[in-house]
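Visitor: Can you read through this structure? Questions will come right after.
The values are calculated or read from the model by the stated rules, or taken from the named source; none is laboratory data. The shown structure was predicted, so the numbers you read here are calculated from the model rather than taken from an experiment. Here the Cβ positions follow ideal geometry from the backbone for every residue, glycine too, while neighbour counts run over all protein chains shown. Ligands, DNA and RNA are stripped out before the accessible areas are found, and what is left, the full protein with its side chains, is counted by its heavy atoms. Shrake-Rupley method; radii C 1.70, N 1.55, O 1.52, S 1.80 Å.
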Amino acid sequence: MEPRLSLITLGVPDVARARAFYVDGLGWQPLFEVPGEVVFLQVGHGLALSLFGAAALARDVDPDGTAVPAAAPAGVTLAHNVGSEAEVDTALADAVRAGGRLVKEARRAEWGGYHGYFADPAGTLWEVAFNPSWSVAADGAVTI
């Protein structure tokens, strides 16, 4: 199997509220959506984010109903890397203004960068970070 990630699906308790946060609040553009059921957002070269109802995701994963995925899984964060410390502050402020909750104010990190965390309305944790040793090329390739 190739090392590739094409889609991240977030099981959210309220698709309309999640859409309002990401689309109306943060200004991300939907690729495709079925109102109230699912919204797909382009989040990088070859990578999409899906906002899918948590109950529908549970049924998709396990039609018999024995496994229920959490809306915001413990031990998982999504990251949004930016080009400067000022961009970290701006992105965190944008997320809070859009309805997110600030979890950790931006600060210097042990690893030499600058970062903070917010939670979206479903509780999914996002790190916003500037890492002076990290870059993402136009084709999506990461250099560390």
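Visitor: Which of the residues spanning segment 70-91 are closer than 18 Å to Arg17 by Cβ and at pLDDT below 85?
Guide: As a first pass, look at segment 70-91 and keep what is closer than 18 Å to Arg17 by Cβ: 70-72, 78.
Scanning segment 70-91 gives Ala70, Ala71, Ala72.
Visitor: Also: Could you grab the pairs with beta carbons closer than 6 Å, sequence gap of 6+ or different chains, first residue in segment 57-68 and over 15 Å from Thr9 (Cα atoms), second one outside any loop (DSSP other than H, G, I, E, B) and modelled with pLDDT under 75?
Guide: Ala67/Val61
Visitor: To continue, here is another question. Can you give me the number of residues within segment 1-14 that are surrounded by 12 or more Cβ atoms within 10 Å (Cβ to Cβ) and over 14 Å from the mean Cα position of the chain (by Cα)? First the steps, then the outcome.
Guide: Step one: of segment 1-14, the residues surrounded by 12 or more Cβ atoms within 10 Å (Cβ to Cβ) are 8-14.
Those still in the list that are over 14 Å from the mean Cα position of the chain (by Cα) too: 13-14.
Adding up the residues that qualify gives 2.
Visitor: Check Asp60, Asp24, Asp94 and return the single one that is at negative phi, open to solvent by 40 Å² or more (accessible area, probe 1.4 Å) and at pLDDT below 95.
Guide: Values: Asp24 fails: at pLDDT below 95; Asp94 fails: at pLDDT below 95.
Criteria check complete, one pass: Asp60.
Visitor: Quick one: which strands (runs of 3 or more DSSP E) lie wholly within segment 1-59 and hold at least 2 residues that are within 19 Å of Ala79 (Cβ to Cβ) and in contact with a Leu (Cβ under 7 Å, 6 or more places away or on another chain)?
Guide: Values: elements: 7-12, 30-34, 38-44, 47-53.
Once the strands (runs of 3 or more DSSP E) in segment 1-59 are filtered for at least 2 residues that are within 19 Å of Ala79 (Cβ to Cβ) and in contact with a Leu (Cβ under 7 Å, 6 or more places away or on another chain), what remains is 7-12, 38-44, 47-53.
Visitor: Go through (1) touching a Gly at 6+ places or on another chain (Cβ under 7 Å); (2) open to solvent by less than 100 Å² (accessible area, probe 1.4 Å) one by one and return the number of the condition Val39 breaks.
Guide: Condition (1) is where Val39 drops out.
Visitor: Let me ask something else. Find the residue count for segment 27-50, including only residues that are modelled with pLDDT of 95 or more and on the phi > 0 side of the Ramachandran plot.
Guide: Going through segment 27-50 one residue at a time, the tally reaches 1.
Visitor: Under 22 Å from Gly11 (Cα atoms) and either surrounded by 12 or more Cβ atoms within 10 Å (Cβ to Cβ) or hydrophobic (A, V, I, L, M, F, W, C) (or both), is that true of Ala119?
Guide: Working: under 22 Å from Gly11 (Cα atoms): yes; either surrounded by 12 or more Cβ atoms within 10 Å (Cβ to Cβ) or hydrophobic (A, V, I, L, M, F, W, C) (or both): yes.
For Ala119, the condition - under 22 Å from Gly11 (Cα atoms) and either surrounded by 12 or more Cβ atoms within 10 Å (Cβ to Cβ) or hydrophobic (A, V, I, L, M, F, W, C) (or both) - is met.
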